[in-house]
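The values are calculated or read from the model by the stated rules, or taken from the named source; none is laboratory data. Here the structure is a predicted model, which is why all the values come from computation and not from measurement. Don't worry about glycine lacking a Cβ; one is built from the backbone with ideal geometry, like all the others, and counts go over all protein chains shown. Accessible surface areas use protein heavy atoms only, side chains included; no ligands, DNA or RNA. Shrake-Rupley method; radii C 1.70, N 1.55, O 1.52, S 1.80 Å.
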Amino acid sequence: MYDTPFLDLPPLASAAGTVRLPGSKSISNRVLLLAALSEGTTEVHDLLASDDTRVMLDALRQIGCGVEADGAGGAVRITGLGGRAPAPEADIFLGNSGTSTRTLTAALAVLATLHGGRYEVRGVPRMHERPIGDLVDALRQLGCRVEYLNTDGYPPLALSPGTLQLYTPIRIRGDVSSQFLTGLLQALPLAAAAQDAVIEVEGPLISQPYIDITLRLLARFGIDVQREGWERFTIPAGSRYRSPGSIHVEADASSASYFIGLGAITADPAGIRIEGVGADSIQGDIRFTEAAARMGAQIASGPNWLHVQRGAWPLKAIDLDCNHIPDAAMTLAVLALYADGPSTLRNIASWRVKETDRIAAMAAEARRLGAAVEEGADWLRVYPLEAPGWRAAAVHTYDDHRVAMCFSLAAFNPARVPVRILDPKCVAKTFPDYFETLFALARAPVDDIPVLCIDGPTASGKGTVAAQVARRLGYHFLDSGAMYRLAALAAVRAGHTIAPEHEAAIAALARSLPVRFDHGRILLGGEDVSDAIRTEEAGMNASRVSTLPAVRAALVALQLSFRRLPGLVADGRDMGTVIFPGAKLKVFLTASAACRADRRHKQLISKGISANIDALRADLEARDARDSNRAVAPLRPAPDALLLDSSELTVEHAVSQVLQWWRGRQPFSS
Ligand code: DC
């Protein structure tokens, strides 16, 4: 997951391949709460692991449910309350999760009344701006005690015991958020032991497909709601939650929209295959496929898969009522940039009360890219953007995962300008690995993948600085010295002395090093050699091996293979001169020999290795001389490298200087 302040997407050319999507947020959070209210244990498969489900799981633990996870990717087992009383008190934090806040509020309000508990429900500041008044009014009709702790109509809320009444139907507005009705539908079975519970919807009901998901899942947990149109819902007396034992969460159809969009855009005829959600999905957002098809995408589907290819290009402009696909429709706003005329998305008033005001956000960010956009209270019109109009812009994401994800599709712009996504980690709400998944499918001409080189002599601090710069940019990191250290280690282990007469044999070894890089560890033939290649002796052997031209040539392909999306920071001796001569920024990091000897000395002492500073300095200077005087790729700054003397700088200062130079080479306007 990208935990960087921004992520720069280089211009992307095409995409192809298969993607398996994470579980649906809507289904995951409903299933968790229903399992928590049921008798028995429910094994939940393919649960979405994200911020929104984490806050729900934490809350369920707090109120006394059993939550056991098998570990990454495994099933989660929820042991429900059944008829048991929940924990008598809890202060529950639900982040920015609308589903969790609305549905848990309703369930806890009823539980507080049935069992005498007291609960507080709160979230992030944005959650305290998202309306909940209609749900609170409905819960008060039911006899629950719900109080506003700050502002009337908004969380945080306090829930305490009231007196249930089911004699008259509970009336709820349906035109602000369908989550209010979902909350009531999930809470009322708790109260309907002896008497029918009836809900009547006032006014039109928006986002009906989400209510459909709620009803289908309620049925899986033993509750058969009787529905008259979309106006009246009856939970029959005697209803009781029962665990289905095991349940599978289908992949998120809203998340699928980005990859359907990708399939519609990509010129690669292989297209995009999406697994985990298909034509038979119970999620309303699956109908995004119809909208994408109207824009020109060619879509095939089966029970648990979709396959999307580009059809019409440019895409065809649309004018669409998006009430049935409120979340996925945001993706249409970005696809509209690639259309043959203005596209209008209508009936999207609910966008204004989501993670952010999404109509305002989509309009502002599309404009930042150069597009003309018009907006109304409940509609948005986006005009296509021709190549000369595109601007390299920093897209603001408003802590809204969907804004971040859908604007990533702007990286396919015909002007081939990069797109900066601010606060990329906001995708963790529903899809923590979104960008990694995108990069696994996307292709860019290798010259468009940015490279930043940091070369310099041994112990200049380049490794530390380069690794930190890579982390701050969310880029891959190549420690090219490690390649020479690995080649030397493999040579020594194979019994070769490092000398010209073994050059061909060592080069052959280097060409097919069985190396794997795994979360910062380096594996050679399956063995973790991260420490073995870091000794002083290994460094000296690496310096020797690096003078052999055939070995250097043998390591080129391995080093080039690190240049992958979204970008690379490479450190070494010849990154800027030989391996990546076209790099966007080259830095040559130096420090005085005295200073480097002192750093190396401190490093060794901290590892508990005794060392003599004068001997270290002599070694360094010998290594400098060998690295600088060898015939091939000697250590020297590229003519266009910027020199940075780190003798008097902290690592942090050196890192900020490099980042500042990097920023200066970017085209972003805002
Ligand atoms: O950066 P380091 O200390 O891990 O490098 C070990 C040796 O490898 C170094 O003395 C010279 C050689 N090397 C090289 O020749 N070219 C590179 N790009 C990186 C390292």
Breaking point among (1) at pLDDT 95 or above; (2) more than 16 Å from the ligand (Cβ to nearest atom); (3) touching a Leu at 6+ places or on another chain (Cβ under 7 Å), for Ile506: (2)
Residue match in the range 553-571 (condition: within 12 Å of the ligand (Cβ to nearest atom), buried (at least 17 other Cβ atoms within 10 Å of the Cβ) and over 34 Å from the mean Cα position of the chain (by Cα)): no
From the options Ser246, Ser254, residue that is among the small types (Gly, Ala, Ser), open to solvent by 20 Å² or more (accessible area, probe 1.4 Å) and under 30 Å from Thr437 (Cα atoms): Ser246
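Identify, please: which residue in the range 328-359 is of a type in the set (Asp, Glu) and modelled with pLDDT of 95 or more and is, among those, nearest to Ala256 (Cα to Cα)?
Top of the filtered list is Asp357.
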Options Ser512, Ser480, Ser460, Ser543; residue that is within 12 Å of the ligand (Cβ to nearest atom) and either surrounded by fewer than 16 Cβ atoms within 10 Å (Cβ to Cβ) or within 29 Å of the chain's Cα centre (by Cα) (or both): Ser480
Residue list for the range 3-38, restricted to those being in a loop (DSSP other than H, G, I, E, B) and within 14 Å of the chain's Cα centre (by Cα): Asp3, Thr4, Pro5, Leu21, Pro22
Residue in the range 80-93 that is among the hydrophobic types (A, V, I, L, M, F, W, C) and in contact with an Asp or Glu (Cβ under 7 Å, 6 or more places away or on another chain) present: yes
The range 482-497 residues that are at positive phi and free of Cβ contacts under 8 Å to residues at least 24 places away in the same chain, paired with ones that are within 16 Å of the ligand (Cβ to nearest atom) and not in a helix (DSSP H, G or I) (beta carbon under 6 Å, 6 or more apart): none
Residue in the range 643-652 that is nearest to Pro457 (Cα to Cα), counting only those that are surrounded by 15 or more Cβ atoms within 10 Å (Cβ to Cβ) and among the hydrophobic types (A, V, I, L, M, F, W, C): Leu644
Those residues of the range 26-49 which are within 20 Å of Asp433 (Cα to Cα) and surrounded by 23 or more Cβ atoms within 10 Å (Cβ to Cβ), in sequence order: Ser26, Ile27, Ser28, Asn29, Leu47, Leu48
Of all residues making up the range 54-74, the number that are touching a strand residue (DSSP E or B) at 6+ places or on another chain (Cβ under 8 Å), crowded, with 20+ Cβ neighbours inside 10 Å and assigned to a helix (DSSP H, G or I): 4
Filtered residues of the range 75-92 (kept if out of contact with any Cys (no Cβ under 9 Å at 6 or more places or on another chain) and open to solvent by 30 Å² or more (accessible area, probe 1.4 Å)): Arg77, Gly83, Arg84, Ala85, Pro88, Glu89, Asp91
From the options Ala594, Ala611, Ala570, residue that is in a strand (DSSP E or B) and touching a Lys or Arg at 6+ places or on another chain (Cβ under 9 Å): Ala570
Number of the exception - Ser606 against (1) open to solvent by less than 20 Å² (accessible area, probe 1.4 Å); (2) more than 14 Å from the ligand (Cβ to nearest atom); (3) free of Cβ contacts under 8 Å to residues at least 60 places away in the same chain: (1)
Given (1) under 30 Å from Ala594 (Cα atoms); (2) out of contact with any Ser or Thr (no Cβ under 7 Å at 6 or more places or on another chain); (3) surrounded by fewer than 23 Cβ atoms within 10 Å (Cβ to Cβ), number of the condition Leu452 does not satisfy: (3)
Candidate set: the range 572-590, residues that are among the small types (Gly, Ala, Ser) and open to solvent by 10 Å² or more (accessible area, probe 1.4 Å); chosen: the one nearest to the ligand (Cβ to nearest atom): Ala583
Residue check, Ala553 within 29 Å of Pro637 (Cβ to Cβ) and at pLDDT 95 or above: yes
Residue list for the range 313-327, filter: touching a strand residue (DSSP E or B) at 6+ places or on another chain (Cβ under 9 Å) and modelled with pLDDT of 95 or more: Pro314, Leu315, Lys316, Ala317, Ile318, Asp319, Leu320, Asp321, Cys322
Residue match in the range 372-381 (condition: away from the ligand (no atom under 16 Å from the Cβ), open to solvent by less than 10 Å² (accessible area, probe 1.4 Å), in contact (Cβ under 8 Å) with a residue 40 or more places away in the chain and touching an Asp or Glu at 6+ places or on another chain (Cβ under 8 Å)): yes
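Specify the residue that is farthest from Cys453 (Cα to Cα); the eligible residues are those in the range 626-643 that are assigned to a helix (DSSP H, G or I) and within 9 Å of the ligand (Cβ to nearest atom).
Arg626
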Tabulated pairs, the range 549-577, first over 19 Å from Leu524 (Cβ atoms) and polar (S, T, N, Q), second open to solvent by less than 40 Å² (accessible area, probe 1.4 Å) and more than 12 Å from the ligand (Cβ to nearest atom), C-beta under 6 angstrom, 6+ apart or interchain: Thr577/Ala638
Condition broken by His307, with the remaining ones in (1) buried (at least 21 other Cβ atoms within 10 Å of the Cβ); (2) within 24 Å of the chain's Cα centre (by Cα); (3) in a strand (DSSP E or B) satisfied: (1)
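Return yes or no: is Asp224 of a type outside the set (A, V, I, L, M, F, W, C), in contact with a helix residue (DSSP H, G or I) (Cβ under 8 Å, 6 or more places away or on another chain) and free of Cβ contacts under 8 Å to residues at least 40 places away in the same chain?
Yes, satisfied.
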Unmet criterion (only one of (1) within 16 Å of the ligand (Cβ to nearest atom); (2) open to solvent by less than 10 Å² (accessible area, probe 1.4 Å); (3) small (Gly, Ala, Ser)) for Ala467: (2)
Unique match (being at pLDDT 95 or above, of a type in the set (Asp, Glu) and closer than 27 Å to His653 by Cα) among Asp447, Asp400, Asp423: Asp423
